[in-house]
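Okay, structure first, notes after.
The values are calculated or read from the model by the stated rules, or taken from the named source; none is laboratory data. As the structure is a computational prediction, the values presented were derived from the model and not from experiment. With ideal geometry, Cβ positions are generated from the backbone for all residues, glycine too; neighbour counts draw on all protein chains shown. Surface accessibility is based on the protein's heavy atoms, side chains included, excluding ligands, DNA and RNA. Shrake-Rupley method; radii C 1.70, N 1.55, O 1.52, S 1.80 Å.
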Amino acid sequence: MPKPNTLCIGLAGLGTVGGGLIRLLSANADIIERRTGRKITVKRVLVHNLAKKRDCPASLELTDDYTKLTDDPDIDALVEVIGGKDTAKKLIERGLDHGKHIVTANKALLAEEGLPLFQKAKEQDRILRYEASVAGAIPIVQALKESLAANHITSLVGILNGTSNYILSQMTANNLDFATALTDATKMGYAEADPSLDIDGFDCAHKLILLLRLSFGLHYDYQKLPIQGIRNIAALDIALANQLGYHIKLLGQARNTMEVDANGNPLVEAGVFPALVPHSFLLARVDGSFNAIHIKADAAGSLFFHGRGAGDLPTASAVLADLLAVARCEYPNNTGFAQDLPKASLVSADQWKARYYVRVMVADAPGVLRDIAGAMAEQGISMSQVVQHEAQKNGEVPLVLMTHATSQLAMDQAIATIKTSIHPSEIVHFKVLE
Ligand code: HSE
């Protein structure tokens with residue numbers, strides 16, 4: 001039987017975050033009780049593999065059957081930190097059906113199927129909280145829903161994936177190659193079980209969908225979001241960008257145009273992509289597993305949130321804060337908006353303007369620069385800087401162009417023309433953050 005004045009939880013997942021939560025519950029038991037007047041105890045833990053040796057208290061009862069959490073009448077709340085969508089969704093839905101409150105860090109599930117889960121929690125009169133799903137320890141969900149609720153948020157740009165940021169930082173500062181940096185990030189517990197989610201931009205995209213909802217009160221379909229990861233970023237581009245005064249970062253960016261499309265749907269610019277960030281911007285100085293989010297709001301102005309975006313205790317900090325709110329019976333409005341969220345439309349590529357960095361590997365020969373400049377001029381693209389280094393690689397040199405603002409469509413067409421006219425062995429381009 002649970003003791004009175006104790007919040008009894010079932011914990012799903014004993015990996016980096018689950019293990020961190022167990023440690024934090026014990027280390028900070030005093031503050032939990034002072035803040036809530038209650039104790040929080042773990043009754044049972046769902047794990048994938050019961051045979052695996054684990055560094056956890058022997059008294060913890062483990063199970064590999066999620067219904068032992070959802071159906072146990074002693075359990076008041078479920079903490080879901082297993083990630084993935086299948087078991088997590090079943091656990092949350094069945095848990096709600098059995099009257100459990102829910103705390104989850106599952107950005108993939110919430111980005112793709114969050115709205116029906118919020119609805120179900122509301123219908124069942126249960127609490128569902130998800131602070132840990134975006135940017136680890138940074139309290140951005142609460143900030144957008146409550147602290148900044150009086151504002152129209154006009155734009156946001158963030159470093160939302162600790163693993164990618166760790167990899168890019170290591171490649172920039174220590175000349176580590178991509179594979180070594182990824183192995184280190186995995187060892188430190190930053191990466192997802194499937195690191196493709198991190199390095200191919202999907203994790204960042206899930207978080208961006210949640211931020212877009214919380215900031216603009218709009219829903220956008222994750223499947224349609226433009227997503228580009230960091231797998232193909234070359235050490236050469238990191239070095240060249242650095243020489244020009246930029247760091248390459250994986251960004252999630254969204255801007256509310258405050259306009260509507262022909263069907264009356266609100267128009268936003270949104271996407272996940274690596275971009276050059278000027279050294280002078282705070283975002284350029286966000287290194288390692290840290291995350292950061294720059295928000296522009298009409299009344300509050302410009303705000304910058306910075307903190308650990310991944311790892312055991314930083315993420316457990318956000319999970320436990322949600323559990324404290326459950327212990328205090330604080331029922332949230334999960335989107336932060338009173339009405340159902342309208343669907344957003346994305347500004348098409350030909351309208352989204354940005355400056356670009358373009359690197360072309362070219363033969364150091366007469367007419368090459370003329371042809372490249374001609375292809376850019378044909379599309380109305382103006383260049384702000386051109387750099388060609390003398391050092392040769394297989395008879396070629398890197399030619400770097402920095403452009404003034406242009407559309408993605410114009411840039412794609414210029415690149416297609418360059419490919420057919422001078423057949424470079426390689427051409428890459430990245431947006432430049434302004
Ligand atoms: N794999 C994620 C990251 C963990 O690297 O940011 C936090 O969501």
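Name the residue from Ile31, Asn265, Leu91 whose Cα lies farthest towards the positive end of the charge dipole of the chain, charges +1 on Cβ of Lys and Arg and -1 on Cβ of Asp and Glu.
Ile31
Which of Leu218, Ala292, Asn175 sits farthest toward the positive end of the charge dipole of region 140-309, with +1 on the Cβ of Lys and Arg and -1 on the Cβ of Asp and Glu?
Of the candidates, Ala292 comes out farthest on the positive side.
Ignoring ligands, DNA and RNA, please state the percent of accessible area on region 129-285 from carbon and sulfur, probe 1.4 Å. Spell out each step's value before the answer.
Values: 2910 of 5680 Å².
Carbon and sulfur atoms account for 51 percent of the accessible area of region 129-285.
With only Lys, Arg, Asp and Glu charged, each at its Cβ (+1 for the first two, -1 for the last two), find how big the charge dipole of the chain is about the Cα centre; round to the nearest 20 debye.
Dipole of the chain, to the nearest 20 debye: 880 debye.
Taking a 1.4 Å probe, which of Arg38, Arg370 shows the most accessible area, and what order do the others take after it?
Order by accessible area, largest first: Arg370, Arg38.
Around Phe290, which amide H atoms from residues at least 5 apart in sequence, or from another chain, sit under 5 Å from its own amide H, with H modelled in the peptide plane?
For Phe290, the qualifying residues are Gly309.
Within region 20-117, report the GluC sites (Glu not before Pro) that DSSP leaves as loop and that have at most 15 other Cβ atoms within 10 Å. Let's see the in-between values first.
Numbers: sites: Glu33, Glu61, Glu80, Glu93, Glu112, Glu113; in loops: Glu61.
Here the GluC sites (Glu not before Pro) that fit, given the DSSP loop and packing criteria, are Glu61.
Considering only the chain, what is the antiparallel percent among its DSSP beta bridges, to the nearest 5?
If we restrict to bridges inside the chain, about 70 percent are antiparallel.
Using a simple charge model, +1 on the beta-carbon of Lys and Arg, -1 on the beta-carbon of Asp and Glu, nothing else, what dipole does region 140-309 show about its Cα centre, in debye to the nearest 20?
Its charge dipole is roughly 300 debye.
Taking the Cα centre of the chain as the origin and placing charges on Cβ (Lys, Arg +1; Asp, Glu -1), which of Tyr331, His389, Asn242 is farthest toward the positive end of the dipole?
Highest projection toward the positive end goes to Tyr331.
Please go through region 66-174 and write out the trypsin sites (Lys or Arg not before Pro) that DSSP classes as loop and that have at most 15 other C-beta atoms within 10 Å.
Counting only loop positions with at most 15 other Cβ atoms within 10 Å, the trypsin sites (Lys or Arg not before Pro) in region 66-174 are Lys85.
Points 7 angstrom from Cα along the Cβ direction at Ala363 and Lys39: gap in nanometres?
7.9 nm
Given 0.36 nm per residue, what is the gain on full extension from Tyr331 to Ala193 after removing their alpha carbon distance, in nm?
46.6 nm
Region 288-403: D in µm²/s via Stokes-Einstein (Kirkwood Rh, Cα pairs, 20 °C, 1.002 mPa s)?
Answer, rounded: 106 µm²/s.
Before I look further, what does region 6-133 give for accessible area per residue, probe 1.4 Å, in whole square angstrom?
Accessible surface, normalised per residue, equals 45 Å².
Using unit Cβ charges (K, R positive; D, E negative) and no other charged atoms, how large, in debye to the nearest 20, is the dipole of region 1-100 about its Cα centre?
260 debye
List the residues whose amide H sits under 5 Å from the amide H of Ile40, counting only those 5 or more places along or on another chain, with H placed 1.01 Å from N in the peptide plane.
Excluding prolines and chain starts, which carry no amide H, the hits are Leu7.
Pairs of lysine in region 140-309 with Cα under 18 Å and at least 8 positions apart or on different chains: total?
Number of lysine pairs found: 5.
Measuring from label point to label point, each 7 Å out along Cα→Cβ, what is the Ala299 to Asn49 span in nm?
About 5.2 nm, to one decimal.
What is the gain in length, in nm to one decimal, between His279 and Lys224 on full extension, counting 0.36 nm per residue of separation less the C-alpha to C-alpha distance?
My answer for the length gained is 16.7 nm.
So between Gln392 and Lys419, what do we pick up on full extension, going 0.36 nm a residue minus the alpha carbon distance? Provide the component values of the computation, followed by the final result.
On the way: separation 27, 0.36 × 27 = 9.72 nm, distance 2.00 nm.
Contour length minus the Cα-Cα distance gives 7.7 nm.
What is the set of long-range amide H partners of His247 at a cut-off below 5 Å, with H atoms built 1.01 Å from backbone N?
Val277, His279
Based only on the alpha carbon positions, what is the Kirkwood hydrodynamic radius of the chain, in angstrom?
One over the average 1/r among Cα pairs gives 23.2 Å for the chain.
What FRET efficiency, computed as 1/(1 + (r/R0)^6) with R0 = 22 Å and r the Cβ-Cβ distance, is obtained for Glu259 and Ala349, rounded to the nearest 0.05?
Values: r = 17 Å, r/R0 = 0.75.
After rounding to 0.05, the efficiency reads 0.85.
Across 5 Å bins from 0, what is the distribution of all Cα-Cα pair distances for region 353-432, in whole percents?
3, 17, 30, 28, 15, 6, 1
Under a GNM of the chain (C-alpha, springs under 10 Å), which listed residue has the highest mean-square fluctuation: Gly136, Gly229, Gly162?
Gly229
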